[in-house]
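The values are calculated or read from the model by the stated rules, or taken from the named source; none is laboratory data. All figures in this text were calculated on a predicted structure; none of them were measured in a lab. Cβ: placed from backbone, ideal geometry, glycine included. Neighbour counts: every protein chain shown.
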Amino acid sequence: MNIAIVGGGNVGTQFAVHCAEKGHAVTIFTSKPQEFSSELSIVNERGEVLRRGAVCATDDENIFAKAELIFVTTPSFMAERVAEQIVPKLHAGTLIGLIPGTGGMECVFRGALARGCVLFGLQRVPSVARLKEYGRTVCASGYREKLHVAALPNKEIERCRRLVEELLSMRCEALPGYLNVTLTPSNPILHTTRLKTLFADYRTGKKYSQIPLFYEEWSDESSKCLFACDGEVQNLCRLLGEFDLTAVRSLKEHYESATPEALTQKIRSIASFRGIQTPYVEVEGGYIPDFNSRYFTADFPYGLAILQQIAAFAGAESSAMEEVYGWYEAIVGPHRKFRFSDYAIFSKAEFIKFYSQ
């Protein structure tokens, strides 16, 4: 296949290697094509090469007119700009993989659906991936046993499932509908509740003498906040009886933790989470939160905000999520965020129609 990958970061590099290793023609669309080697590699934590693949890199938008498959791996807040570049070049039948599929990407790319394209998204990424050397090497650890994929229109799900399974050499299961991806309470709950409890006392001018590790020093307070928001998402799923949302697993179930204390110990013990820093900036006299980190710029306005709006459509309780988002708004002030209304979805009926494709 002729495959284009948008974004040369952690996930983009990882997917490029997997696809190229299978013998497909892979081109990475990036603003820094000159920094890319003609061969990329995936290594483990010991630096041992797991996979290699030959790729090209370019900043020429015309590659999308020839692509049979496009993987979009850029952050959600960049999606609108990416869609403006991609959608006008598309032809009917092009497959567009949104990796991961959360962040409202399916709405941003609805113009591709109108052109006869197929959208598919993963519920979660295949593993933890961290660039070791930009344009050359990515370190991947903790590959999942299996992936879950959804498609729009839903009738294309089996085709997309087989494709993902073949490209990544990983077991892949079909989800009953795309809303199972949209409502997945992964980073939009995991990251936001942790940040809120870590920096609950933050105000302009405040500096911290030290910043705890994001996962290894996880707290019971963070777990309790996460449980409250996770419970609201599960209640929301029950209220949306028009859809089969059985694949939106509670984070309690995902992390096999029945109590906040058990969750704290579980998160602290996950090997692939070790050493991950809380996003911060060093300033004179201490440290402050890094509000330019994706943990802030993506997971609040293009994660938690989406869950809140769906709760409003369904008439579901969302006070815990509102409290977390309210903390974010108070700190960052006016900001851009995902709104269903920007994509002609103003009511529950229009919401149901879009996700029933």
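Figures for the structure shown
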quantity: Residue in the range 123-146 that is surrounded by fewer than 17 Cβ atoms within 10 Å (Cβ to Cβ) and on the phi > 0 side of the Ramachandran plot present; calculated: yes
quantity: The one condition in (1) more than 30 Å from Ser127 (Cβ to Cβ); (2) modelled with pLDDT of 95 or more; (3) among the small types (Gly, Ala, Ser) that Gly333 fails to fulfil; calculated: (2)
quantity: Boolean, Gly111 is in contact (Cβ under 8 Å) with a residue 24 or more places away in the chain, assigned to a loop (DSSP other than H, G, I, E, B) and touching a helix residue (DSSP H, G or I) at 6+ places or on another chain (Cβ under 7 Å); calculated: no
quantity: Residue that is in contact with a strand residue (DSSP E or B) (Cβ under 7 Å, 6 or more places away or on another chain) and not assigned by TED's automatic domain parsing to the domain that holds Tyr302, where the choices are Val108, Val164, Val125; calculated: Val164
quantity: The lone exception for Phe109 - which of (1) on the phi > 0 side of the Ramachandran plot; (2) modelled with pLDDT of 95 or more it fails; calculated: (1)
quantity: Complete set of residues in the range 36-77 that are surrounded by fewer than 17 Cβ atoms within 10 Å (Cβ to Cβ) and either at positive phi or of a type in the set (A, V, I, L, M) (or both); calculated: Gly47, Val49, Leu50, Ala54, Ala65
quantity: Leading residue by the ranking (farthest from Thr264 (Cα to Cα)) among those in the range 162-189 that are in a helix (DSSP H, G or I) and under 17 Å from the mean Cα position of the chain (by Cα); calculated: Val164
quantity: Residue list for the range 190-211, restricted to those being over 21 Å from the mean Cα position of the chain (by Cα) and either surrounded by 15 or more Cβ atoms within 10 Å (Cβ to Cβ) or among the aliphatic types (A, V, I, L, M) (or both); calculated: Thr197, Leu198, Phe199, Ala200, Tyr202, Tyr208, Ile211
quantity: Residue in the range 222-233 that is assigned by TED's automatic domain parsing to the domain that holds Val281 and part of a loop (DSSP other than H, G, I, E, B) present; calculated: no
quantity: Residue within the range 89-96 that is surrounded by 17 or more Cβ atoms within 10 Å (Cβ to Cβ), hydroxyl-bearing (Ser, Thr, Tyr) and free of Cβ contacts under 8 Å to residues at least 40 places away in the same chain present; calculated: yes
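The rows are residues; the columns are (1) without any contact (Cβ under 8 Å) to a residue 60 or more places away in the chain; (2) within 22 Å of the chain's Cα centre (by Cα).
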| site | (1), (2) |
| --- | --- |
| Val281 | yes, no |
| Ile288 | no, no |
| Ser319 | no, no |
| Tyr343 | no, yes |
| Tyr355 | no, yes |
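For every residue, the table says whether it meets (1) at pLDDT 95 or above; (2) surrounded by fewer than 20 Cβ atoms within 10 Å (Cβ to Cβ); (3) assigned to a helix (DSSP H, G or I).
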{"residue": "Phe243", "(1), (2), (3)": "yes, yes, no"}
{"residue": "Lys266", "(1), (2), (3)": "yes, yes, yes"}
{"residue": "Ser272", "(1), (2), (3)": "no, yes, yes"}
{"residue": "Gly275", "(1), (2), (3)": "no, yes, no"}
{"residue": "Phe296", "(1), (2), (3)": "yes, no, yes"}
{"residue": "Ile306", "(1), (2), (3)": "yes, no, yes"}
{"residue": "Ala312", "(1), (2), (3)": "yes, yes, yes"}
{"residue": "Glu317", "(1), (2), (3)": "yes, yes, no"}
{"residue": "Tyr325", "(1), (2), (3)": "yes, no, yes"}
